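Working notes, beginning with the structure itself.
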Amino acid sequence: MKKQLLELLICPLCLPFEYSLVADIREEDKSDIETGSLHCPHCAAQFLITEGVALLDPYSADSQQPTNKYENMEVVSSYLWSHYGELFDDPHASQAYATWAELINPQGGIALDAGGAVGRFTFEMSNRCDFAIGIDTSHAFIQAARRLMRQRSLAVRLKDEGLLHHEVTINLPDAWHSDKVEFVVANALALPFRKKSIAVFSSLNLVDKVPSPLKHLQEMNRVTRGSGAQFLLSDPFSWSNEAAPVDQWLGGKAEGPYAGKGLANVATLLAGGQNDLGPVWQVGEPGSVWWKIRTHTNHYELIRSCFVHACR
């Protein structure tokens, strides 16, 4: 973990109070903490840093939480293909991440990509912002993103059929700056960052995957600046009881405070500054992009992700 993150970090277990985390550095390499821990003087919580990865998800040790399906290496490979397929000229690659990146205006300050998986959008933000942070609850995703950050190249084993595989290599473009990105394991419902510290916040294909979508938006709003900020949300709004109870959904139902379509409800919440989402956001025209995930050579999922970009 880059040392420059230390001034941003707070204890995610003590929210809404913001208590700084104190670093105990055991191994370091130049500006990176390789091994150590982050300690909260208030609640005595300790968050480990192992192989450069800071583990800041306060719910990760909760025995009531389901096993994270994204720790499987075949799933990691599928997401690496989805994020970077166009870099090795796969004819079926998705253009979604490049399309999303074009929606973000260059902005001074820090970008935060929540649920950033294996890092594509975080790298994209490295040439639009001063610094970019990608977070995810999957340790395997964050490890893969950090390997790309450090090595600038990564061999990926893609499944063809059954036990057959082939290998491709991801090489990062020169325009993506490894010195301007970092990746940590963290939770979008309890962000370990100070209020008003983020200039650009992105939430891509995440809001329908968290137990409390409104809490996710409230956490986004807590950490983003009151002015000079951008927010990009894109999602297929595949509401499911497996992710969140129906009363927590922000759409996809005929009755209740969030009846109707999710994208429209999110836009209304942002524009009205409702439910702790103020100051109000200026919401742009909605749109959509086709996002793909690859399981094997003969199996792809094509997903329509609907987006809204907002500024203030």
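Determine which single condition Val210 fails, assuming it passes every other condition in (1) under 17 Å from the mean Cα position of the chain (by Cα); (2) aliphatic (A, V, I, L, M); (3) within 26 Å of Asn105 (Cα to Cα).
(3)
Tell me which residues, restricted to the range 95-107, are within 13 Å of His83 (Cβ to Cβ) and surrounded by fewer than 17 Cβ atoms within 10 Å (Cβ to Cβ).
Gln95, Ala98
Condition check: assigned to a strand (DSSP E or B), buried (at least 17 other Cβ atoms within 10 Å of the Cβ) and of a type in the set (Lys, Arg). Does Lys209 satisfy that?
no
Considering the range 108-138 alone, what residues qualify as being surrounded by fewer than 21 Cβ atoms within 10 Å (Cβ to Cβ) and either within 22 Å of Pro213 (Cα to Cα) or of a type in the set (Asp, Glu) (or both)?
The answer is Asp130, and nothing else.
Only one of Gly260, Gly273, Gly256 is more than 20 Å from Gly115 (Cα to Cα) and modelled with pLDDT of 95 or more. Can you tell me which?
Gly260
Examine the range 45-61 for a residue that is touching an Asp or Glu at 6+ places or on another chain (Cβ under 6 Å) and farther than 22 Å from Glu219 by Cα, and state whether such a residue exists.
Yes, some residue in the range 45-61 is touching an Asp or Glu at 6+ places or on another chain (Cβ under 6 Å) and farther than 22 Å from Glu219 by Cα.
Please specify each residue of the range 85-116 satisfying the condition of being at pLDDT 95 or above and touching a Lys or Arg at 6+ places or on another chain (Cβ under 6 Å).
Listed by number, the residues that qualify are Tyr97, Ile104, Pro106.
Results for (1) under 30 Å from Lys30 (Cα atoms); (2) crowded, with 21+ Cβ neighbours inside 10 Å, shown as yes or no for each residue.
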| position | (1), (2) |
| --- | --- |
| Asn171 | yes, no |
| Ala186 | yes, yes |
| Ala190 | yes, no |
| Ile198 | yes, yes |
| Ser203 | no, yes |
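Scan the range 257-270 and tell me whether some residue there is buried (at least 16 other Cβ atoms within 10 Å of the Cβ), in contact with a Lys or Arg (Cβ under 7 Å, 6 or more places away or on another chain) and at negative phi.
no
State the number of residues belonging to the range 282-312 that are aliphatic (A, V, I, L, M) and farther than 23 Å from Gly85 by Cα.
3
Pick from Arg225, Arg304: which is in contact with a Pro (Cβ under 9 Å, 6 or more places away or on another chain), surrounded by fewer than 21 Cβ atoms within 10 Å (Cβ to Cβ) and in contact (Cβ under 8 Å) with a residue 60 or more places away in the chain?
Checking each option against the conditions leaves just Arg304.
Does Leu38 satisfy the condition of being of a type in the set (A, V, I, L, M) and touching a Leu at 6+ places or on another chain (Cβ under 7 Å)?
Against the criterion (of a type in the set (A, V, I, L, M) and touching a Leu at 6+ places or on another chain (Cβ under 7 Å)), Leu38 qualifies.
The values are calculated or read from the model by the stated rules, or taken from the named source; none is laboratory data. The shown structure was predicted, so the numbers you read here are calculated from the model rather than taken from an experiment. Methodologically, a virtual Cβ is constructed for each residue, glycine included, from the backbone with ideal geometry; neighbour enumeration extends over all protein chains shown.
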